Amino acid sequence: MTDFAARRRTMVDTQIRPSDVTKFPIIEAMLNVPRENFVPDAQREAAYVDGVIDLGNGRCMLEPRTLAKMLDALNISNDEMVLDIAPATGYSTAVAARMAQLVVGVESDDSLASEAQSLLAEADVDNAIIHVGPLEQGAAEHGPYDAIMVQGGIERVPEALLDQLKEHGRIACLFVEGSVGTVRIGRKAGGRVSWRDAFNASAPILESFSAECAFSL
């Protein structure tokens, strides 16, 4: 029988800590959320690989390093609300929920949303919900949010998401330009979001966040 707890420790020791992610809440979350339960059964053995996992339906699970560094840059505290866009089966939502007050995951795919809600319940995550609706519209009825993160590559950011960010709130997005991907962190001040480059990463572009959509920074 595979020792997934040992694999989680190895993931943290070989992928997370060497990426300069040392905040205890992030380490604790990634050691305790069973990543293998959030991937299809056929991919359980690959749950802790250092790479993106294709979950089908246009969704992926970001590589552990990317998610950890996003969370590190967002610096979420236990009195904050987080909006998690395109969490697919809910792994990123479960991880963020261990450091936030409440996490709202937004999924447009009904079957993925239902699966995510079930998996969150099985993992005893009681401070997260999955909202079903268009990814680019977020979940304004539950906001505004202290932090927003997007689980996939993007080319543009919809204004609807930026509008749901609180003043002084933070947003993490993986911008893809050609073959290059860069995670950028935005911070809202005076009603405007200013961006800075944080680190390089890669992921497939989410369909509703492509350049063809009429969004603007």
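Numbers below:
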{"read-out": "For residue 57: the one exception among (1) touching a residue at least 24 places away in the same chain (Cβ under 8 Å); (2) open to solvent by less than 10 Å² (accessible area, probe 1.4 Å); (3) farther than 25 Å from residue 12 by Cβ; (4) in contact with an Asp or Glu (Cβ under 6 Å, 6 or more places away or on another chain)", "value": "(2)"}
{"read-out": "Residue within segment 176-194 that is of a type outside the set (A, V, I, L, M), surrounded by 22 or more Cβ atoms within 10 Å (Cβ to Cβ) and closer than 27 Å to residue 51 by Cα present", "value": "no"}
{"read-out": "Search result, residues across segment 51-77 that are modelled with pLDDT of 95 or more, in contact with a helix residue (DSSP H, G or I) (Cβ under 8 Å, 6 or more places away or on another chain) and of a type in the set (Gly, Ala, Ser)", "value": "68"}
{"read-out": "Checking residue 35 against (1) touching a helix residue (DSSP H, G or I) at 6+ places or on another chain (Cβ under 9 Å); (2) touching a residue at least 60 places away in the same chain (Cβ under 8 Å); (3) farther than 20 Å from residue 199 by Cα, the condition it does not meet", "value": "(2)"}
{"read-out": "Matching option when the condition is open to solvent by less than 20 Å² (accessible area, probe 1.4 Å) and within 25 Å of residue 25 (Cα to Cα), among 135, 112, 165, 161", "value": "165"}
{"read-out": "Within segment 21-50, considering residues that are acidic (Asp, Glu) and modelled with pLDDT of 95 or more, the one most open to solvent (accessible area, probe 1.4 Å)", "value": "28"}
{"read-out": "Residues that are of a type in the set (S, T, N, Q), over 18 Å from residue 205 (Cα atoms) and assigned to a helix (DSSP H, G or I), drawn from segment 112-145", "value": "114, 117, 118"}
{"read-out": "Given (1) free of Cβ contacts under 8 Å to residues at least 24 places away in the same chain; (2) polar (S, T, N, Q); (3) within 29 Å of residue 108 (Cβ to Cβ), number of the condition residue 22 does not satisfy", "value": "(3)"}
{"read-out": "Filtered residue count, segment 74-97, keeping only those that are open to solvent by 30 Å² or more (accessible area, probe 1.4 Å) and on the phi < 0 side of the Ramachandran plot", "value": "4"}
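The values are calculated or read from the model by the stated rules, or taken from the named source; none is laboratory data. From a predicted model like this one, the values you see are computed outputs, not experimental measurements. As a convention, Cβ positions derive from the backbone with ideal geometry for all residues, glycine included, and neighbour counts pool all protein chains shown. Accessible surface is based on the protein model in full, side chains and every heavy atom, while ligands, DNA and RNA are left aside. Shrake-Rupley method; radii C 1.70, N 1.55, O 1.52, S 1.80 Å.
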